[in-house]
1. Starting from the Cα of LYS85, draw a straight line to each of the lysines and keep only those under 27 Å, dropping any in the same chain fewer than 8 residues away.
2. Determine the dipole magnitude for the range 111-154: charges of +1 sit on the beta-carbon of Lys and Arg, -1 on that of Asp and Glu, nothing else is charged, the reference point is the Cα centre, and the result goes in debye to the nearest 20.
3. Cross-link partners among lysines for LYS49, C-alpha distance below 17 Å, same-chain residues fewer than 8 apart left out?
Amino acid sequence: MQLTAEQQASARQWIADGMKLSDFQRRLESDFGLRITYMDVRLLVDDLKVVPKDPEPPKTPAAPSVLDPVPAAPAAAEPGTGLSKVSVTTDAVMHPGTMISGKATFSDGQKAVWYVDQTGRMGLAPETKGYRPSREDIEELNLLLDREFAKMGM
């Protein structure tokens, strides 16, 4: 495949302007009547001694501080009181061996670390040895964690 000097200059400019190779392939056909395979396009770009630009990565918000937990959705309220019984936070940096982790505070003020390990099993590690949250607190914790997982697409 031979391109004239003018065609080569145009092709170099298209790539320098950030054109994707698939678009470049279509442009070669529409502008120059040159129908070639994608592999030939790659070889042509190499022959022209131009390097396609990498696509711009999507802009992401600044990462939260490693030490600060990410607050979770507001806890479910007790009927009629408007007060939360259980609260959860999600760790910005997960504990080793976990897919996700965080902290929970129960209605009696006791605290625990919650986590989902790499096999998908949920775990709870209370600060006070032998502590077991009430059934109502566990139900509310599950509801709050379901909301957190849904926000994360899990």
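Each value in this text was obtained by applying a stated rule to the coordinates, not by laboratory testing. Predicted model, so just to flag it, every value in this text is computed and none were measured. Please note: Cβ atoms are built from the backbone with ideal geometry, for glycine as well, and neighbour counts cover all protein chains shown.
1. Those lysines meeting the cut-off are LYS103, LYS111, LYS129, LYS151.
2. Details: 7 positive and 8 negative charges, 29 e Å.
Roughly 140 debye, rounded to the nearest 20.
3. Here the lysines satisfying the reach criterion relative to LYS49 are LYS20.
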